[in-house]
1. What net charge do the residues around residue 128 carry, taking every other residue with its C-beta under 10 Å from that of residue 128, with Lys and Arg at +1 and Asp and Glu at -1?
2. Using R₀ = 25 Å, calculate the FRET efficiency as 1/(1 + (r/R₀)^6) where r is the Cβ-Cβ separation of residue 179 and residue 94; round to 0.05.
3. Plugging the Kirkwood radius over Cα pairs into Stokes-Einstein for the chain, at a temperature of 4 °C and a viscosity of 1.567 mPa s, what D comes out in µm²/s?
4. Between residue 113 and residue 23, with labels modelled 7 Å along Cα→Cβ, what's the label distance in nm to one decimal, could you check?
5. Quickly estimate the mean residue ellipticity at 222 nm for the chain, helices only: each DSSP H run with n ≥ 4 gives -39500 (n - 2.57), and the total goes over all residues, rounded to 500.
6. If R₀ is 25 angstrom, what is the calculated FRET efficiency for the pair residue 64 and residue 34, using the beta carbon separation as r and rounding to 0.05?
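Quick note: the coordinates plus some simple rules give every number you see, no bench work behind them. As the structure is a computational prediction, the values presented were derived from the model and not from experiment. So basically every Cβ, Gly included, is an ideal-geometry build from the backbone, and we count neighbours across all protein chains shown.
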Amino acid sequence: MSPVDLLHRYLDPHPGLFDLVYDHSRRVADMALALATAQPALGADLVFLEEAALLHDIGVFKTHAPSVLCYGDKPYLCHGVEGRLILEAEGLPLHALVCERHIGTGLTIDEIVARKLPLPLRDMQPQSLEEVLVCFADLFFSKSRPGVQQSRESVRAGLQRYGADGVARFDTWCTRFPSF
């Protein structure tokens, strides 16, 4: 089943959610693909990258965030873990890891504990190149502001409230992916 078909299957029962998530995810995919193709020596798997970017927010419908049409019962922060569960059940374990590891700039166990986040205690930092690309590109697009691409300065400023570690990861990625 294609990523778009999976998004339809899980999001269509929630009015307006498919359109919102697809638009956001398409923008994330396009940026991630542009970053990857600008540096072909990195060897990104472009097919997997596009699929994973399109599916990275599939778990949002299970969360409660009315401003982005989500009326589930879990905190919004849990959409990555929920997406992982969905995609593992669909037989897509690598795509599932992208879901779980795309929150912010990724989360360490220490960050989960220190911030008392309602998440499993495991490392949720992006590991593969494709995970990093989706995580990085996702930072520039908010579902609450459809169609708007944030500047690097704006993203960086937004990350500062979560601590220096996330900002440092973002700065590293900005150096690694200078073009877009």
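1. Net charge around residue 128: -2.
2. Computed FRET efficiency for residue 179 and residue 94: 0.45.
3. D, rounded to a whole number, is 80 µm²/s.
4. With each label placed 7 Å out from Cα toward Cβ, I get 4.2 nm.
5. One gets -16500 deg cm²/dmol as the mean residue ellipticity at 222 nm.
6. 0.15
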